[in-house]
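See below for the structure under consideration.
The values are calculated or read from the model by the stated rules, or taken from the named source; none is laboratory data. Values in this document were obtained by computation on a predicted structure and should not be read as measured data. So basically every Cβ, Gly included, is an ideal-geometry build from the backbone, and we count neighbours across all protein chains shown.
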């Protein structure tokens, strides 16, 4: 029986688009056509032009872009904000762009249609720059007025066969049909690879997703993947199955509270662990998170603070009143806030944004305060799936993270509203108690994997010099 590693493998062409090549296990099929389909505004044209630009600019593969709906000037203006200088690449003979105007009325009147003229223009463009890549945007503009399905099918096959014969790697865009992936329902059957882009609105929030519908001759990710379009272009988050193979360490980091460290074997949390701090409103969850962030910054570590209820200025003012001066760490570049309402965008977009922030800032520590706000963006299962992916991702990165979790009044104390407590390494429960007209704050370590820890319920106070936990009794 032959060794699997010795079997021939399909040659692939990297797209250069962040995350997409991971989903495709290396890229789209080299020397073959790939169909990119989806509804209006889903990002088809952007993916096609990125494939051409990134190939020419970053991967040493000149390309050709043939468009039927936008002129070269319009296309250049649309992608200039992404840092794509199409004019410069054209001058350097790295890409060639051609706008073809198809007069549909002439096709309807005469009934004559073939692709010979298109092939001549494409061949000239390919030769002019030595193109390895071709993008055609879109099939609908090219074939929209063809009434005869037999001719349409023949010409589609002819186009795909012509591209294969030239040995170029092609991306062709197509509009989504009503009950089919594509308008004509034929394109997906003759394509070697089909990528579907989706732009949907859930709870009045727009989300983007990508799915690889088919890919002949190779394995690929089959899930729906969150996508994002920002100032860098299109990015895809490959999250089908993050393996449980992240590294662990016995190194410990301080909680920022001396007595809490003593409750955790005198050393604090494991580095790279996930910590849940839960409790009702006003119990001090954000203050525990701030204590940890302040201690990390004092060690010279970079910290990322994701806030979903308060602005960065408000958090810094409030924490200064209890002895945690976070503003100085922001000025020193050790602490970065990302404060947005959870309703700003969907769960997938939050997930992609977290990835982007971590990749940009390279923190050692982060906090999410509070994670319960995500409940407004999806049902329990969706929120848990998103937070599971966040936890897996930060563990892969070796980050130590604190998650603040609001427990509604009247609910069970040992309850995590986002149902992620089982994924956490350490769980601190904060609660209020009233006795003889006084209000006391209490902290209890419900669990801390891999270490001995105190089982006592301790009272604590928020003072001008930080959190003070009462000693053992």
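Just checking, which of 299, 317, 336 is closer than 30 Å to residue 451 by Cβ, at pLDDT 95 or above and surrounded by fewer than 17 Cβ atoms within 10 Å (Cβ to Cβ)?
Details: 317 fails: closer than 30 Å to residue 451 by Cβ; 336 fails: surrounded by fewer than 17 Cβ atoms within 10 Å (Cβ to Cβ).
Just a single option satisfies the conditions, and that option is 299.
Out of (1) over 29 Å from residue 17 (Cα atoms); (2) assigned to a loop (DSSP other than H, G, I, E, B), the odd one out for residue 363 is which?
For residue 363, the failing item is (1).
Using the structure shown, decide if residue 375 is surrounded by fewer than 18 Cβ atoms within 10 Å (Cβ to Cβ), in contact with a helix residue (DSSP H, G or I) (Cβ under 8 Å, 6 or more places away or on another chain) and in a helix (DSSP H, G or I). Talk me through it step by step, then tell me what you get.
Working: surrounded by fewer than 18 Cβ atoms within 10 Å (Cβ to Cβ): yes; in contact with a helix residue (DSSP H, G or I) (Cβ under 8 Å, 6 or more places away or on another chain): yes; in a helix (DSSP H, G or I): yes.
Yes; evaluated as a whole, the condition is true for this residue.
Being under 18 Å from residue 310 (Cα atoms), assigned by TED's automatic domain parsing to the domain that holds residue 430 and either surrounded by 17 or more Cβ atoms within 10 Å (Cβ to Cβ) or at pLDDT below 85 (or both): is that true of residue 400 here?
Judged against the criteria, residue 400 is not a match.
Scan the stretch 28-62 for residues that are within 20 Å of residue 192 (Cα to Cα) and either more than 24 Å from the chain's Cα centre (by Cα) or surrounded by fewer than 22 Cβ atoms within 10 Å (Cβ to Cβ) (or both) and jot them down.
30, 31, 32, 33, 45
Using the structure shown, decide if residue 217 is modelled with pLDDT of 80 or more, crowded, with 16+ Cβ neighbours inside 10 Å and out of contact with any strand residue (DSSP E or B) (no Cβ under 6 Å at 6 or more places or on another chain). Before you say what the answer is, go through the steps one by one.
Details: modelled with pLDDT of 80 or more: yes; crowded, with 16+ Cβ neighbours inside 10 Å: no; out of contact with any strand residue (DSSP E or B) (no Cβ under 6 Å at 6 or more places or on another chain): yes.
Spelling it out, it is not the case that residue 217 is modelled with pLDDT of 80 or more, crowded, with 16+ Cβ neighbours inside 10 Å and out of contact with any strand residue (DSSP E or B) (no Cβ under 6 Å at 6 or more places or on another chain).
Determine whether the stretch 415-426 contains at least one residue that is in contact with a helix residue (DSSP H, G or I) (Cβ under 6 Å, 6 or more places away or on another chain), under 28 Å from residue 389 (Cα atoms), at pLDDT 90 or above and not in a loop (DSSP other than H, G, I, E, B).
No, every residue in the stretch 415-426 fails to be in contact with a helix residue (DSSP H, G or I) (Cβ under 6 Å, 6 or more places away or on another chain), under 28 Å from residue 389 (Cα atoms), at pLDDT 90 or above and not in a loop (DSSP other than H, G, I, E, B).
So residue 114 passes all but one of these: (1) modelled with pLDDT of 80 or more; (2) surrounded by fewer than 19 Cβ atoms within 10 Å (Cβ to Cβ). Which condition number does it fail?
(1)
Kindly indicate which of 168, 205, 194 is in the same structural domain as residue 25 (by TED's automatic domain parsing), within 34 Å of the chain's Cα centre (by Cα) and modelled with pLDDT under 75. Break it down stepwise before answering.
Details: 168 fails: modelled with pLDDT under 75; 194 fails: modelled with pLDDT under 75.
Result of the check over 168, 205, 194: 205.
Just checking: which of the helices (runs of 4 or more DSSP H) contained wholly in the stretch 1-90 hold 3 or more residues that are touching a helix residue (DSSP H, G or I) at 6+ places or on another chain (Cβ under 7 Å)?
The qualifying helices (runs of 4 or more DSSP H) are 44-58, 72-79.
Looking at 356, 328 in this structure, which one is more than 20 Å from residue 407 (Cα to Cα) and in contact (Cβ under 8 Å) with a residue 40 or more places away in the chain?
Working: 328 fails: in contact (Cβ under 8 Å) with a residue 40 or more places away in the chain.
After applying the criteria, what remains is 356.
Is it true that some residue in the stretch 51-60 is modelled with pLDDT of 90 or more and within 16 Å of residue 210 (Cβ to Cβ)? Give the derivation first.
Looking only at the stretch 51-60, we keep the residues that are modelled with pLDDT of 90 or more, and these are 51-60.
Checking the rest, the ones that are also within 16 Å of residue 210 (Cβ to Cβ) come to 51.
Within the stretch 51-60, one or more residues are modelled with pLDDT of 90 or more and within 16 Å of residue 210 (Cβ to Cβ).
Could you tell me which residue of the stretch 91-111 is nearest to the chain's Cα centre (by Cα), considering only residues that are modelled with pLDDT of 85 or more and in a loop (DSSP other than H, G, I, E, B)? Outline the logic, then answer.
First, pick out the residues of the stretch 91-111 that are modelled with pLDDT of 85 or more: 91-99.
Among the residues that remain, those that are also in a loop (DSSP other than H, G, I, E, B) are: 92-94.
Values: 92: 33, 93: 33, 94: 30 Å.
Top of the filtered list is 94.
I'm trying to understand the selection: among the residues of the stretch 343-353, which are closer than 18 Å to residue 372 by Cα and at pLDDT 80 or above?
350, 351, 353
Can you say whether residue 398 is at positive phi, in a loop (DSSP other than H, G, I, E, B) and touching a helix residue (DSSP H, G or I) at 6+ places or on another chain (Cβ under 9 Å), as far as the supplied structure shows?
Working: at positive phi: yes; in a loop (DSSP other than H, G, I, E, B): yes; touching a helix residue (DSSP H, G or I) at 6+ places or on another chain (Cβ under 9 Å): no.
In short, no.
Which one of these is assigned by TED's automatic domain parsing to the domain that holds residue 71, under 17 Å from residue 117 (Cα atoms) and at pLDDT below 80: 159, 152, 163?
On the way: 159 fails: at pLDDT below 80; 163 fails: at pLDDT below 80.
Being assigned by TED's automatic domain parsing to the domain that holds residue 71, under 17 Å from residue 117 (Cα atoms) and at pLDDT below 80 holds for just one of 159, 152, 163, which is 152.
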